[in-house]
Amino acid sequence: MTLETLNIGKANLEIFSATVMELAEKDRDILVVTSDSRGSGKLIPYGEKFPEQIVEVGIAEQNLVGVAAGLASAGKNVFAVSPACFLTTRALEQIKNDVAYSNQPVTLVGISAGVSYGALGTTHFSIHDVAVLRAINNIQIVVPADNFEAREAVLAASKTSIPIFLKFGKKNMPDLPRMEEKFEIGKASVICKGIEVAFIACGETVAPAYEAARMLESKGISAEVISMHTIHPLDKNTITELAKRCKAIVTVEEHSVSGGLGEACASLLMQERIFVPFKIVGFPDEDIIAGSQTEMFNYYGISGEGLAETAMKLL
């Protein structure tokens, strides 16, 4: 089964907005707060249907997070929605103090994340968000791979009692196969099993990792693909188990190679004294080119062909 044979679903962001509408129909305490982002967040239908359950603060991300924290402290179930590149930079102090430190169960929703805004250049890239949020105590970080994980992540976020950051891109995503139709925050999802090399990926990079696994299979190389949708708390057991039984590990993320999923995995394995050929694939520590997400993924090796080549070099 290749990417070409998989059903192409909607953008994870569209699944987010549809799921929040379902929740709002049943619960008047569901509130969405936006920073002039209801259009890009696919929330115009939501605002039309639930005008009393949406708050618009304008282009003011710091206010967005402060207002969301205040509403959460009053018992509301709040989704704060803004482009990830602005939410996790302009409002970082408010995320740290008003949400995480104050333990307000706000769901922070970073939309058009990663390099979804690729043609707009580095001002609009969000390839730092996981790194900065990993350094803040008391916040979960979830990066869904496909429509199934997107819906389940939103449902889980609506029930959580601690802060959570959800990261969504704009691309229509294939419905990935998985060993179990099950989602749990903090527990990785196995897309396909293998014994020689393991791809540990998150978000929209899981699909090219799966494509790489299929390419390697045609060459007689058995590859496992893991959707590590939760980066904090990290599924340590799955990572250490993979490192003990596979000959190599490749981590893949739509993020800087500094401070993200790859470094989290590397740190864990080093501290556990588990040594295995290991490669982090993401955006390098240099000036990043601008282009479409597909062009950028291909350029930096976040593609089926590029990841298969990386894996073979490690092996």
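Of note:
- Per residue, the average separation of C-alpha pairs within less than 8 Å and at least 6 apart gives region 3-173 a relative contact order of 28 percent.
- Restraint check, Lys26/Lys49; Lys42/Lys170; Lys167/Lys244; Lys236/Lys279, Cα-Cα greater than 21 Å: Lys167/Lys244
- Dimensions of the chain from C-alpha coordinates, computed as largest minus smallest value along each principal axis and given longest first, are 57, 40, 39 Å.
- Taking the inverse of the mean 1/r over every pair of distinct Cα atoms in region 19-162 gives a Kirkwood hydrodynamic radius of 15.2 Å.
- Relative contact order (%) - criterion: Cα under 8 Å, at least six apart; region: region 178-314: 27
- Across all directions, the shadow cast by the convex hull of region 144-273 built on its C-alpha atoms averages 8.2 square nanometres.
- Shape summary of region 1-57, radius of gyration then Dmax from alpha carbon positions: 14.1, 46 Å.
- Computed [θ] at 222 nm, deg cm²/dmol, the chain (DSSP H ≥ 4; -39,500 (n - 2.57); rounded to nearest 500): -10500 deg cm²/dmol
- Shape class of region 29-105 from the Cα gyration tensor (axes a ≥ b ≥ c, square roots of the eigenvalues): oblate, since a/c reaches 1.5 or more and a/b does not exceed b/c.
- Relative contact order for the chain: 17 percent, from Cα pairs under 8 Å spaced at least 6 residues apart, divided by residue count.
- Over all Cα atoms in region 168-211, the spread is summed up by Rg and Dmax: 11.1, 33 Å.
Every read-out reported here was derived from the displayed coordinates using simple, explicitly stated rules and does not represent laboratory data. Quantities reported herein were computed from a predicted structural model and do not represent experimental measurements.
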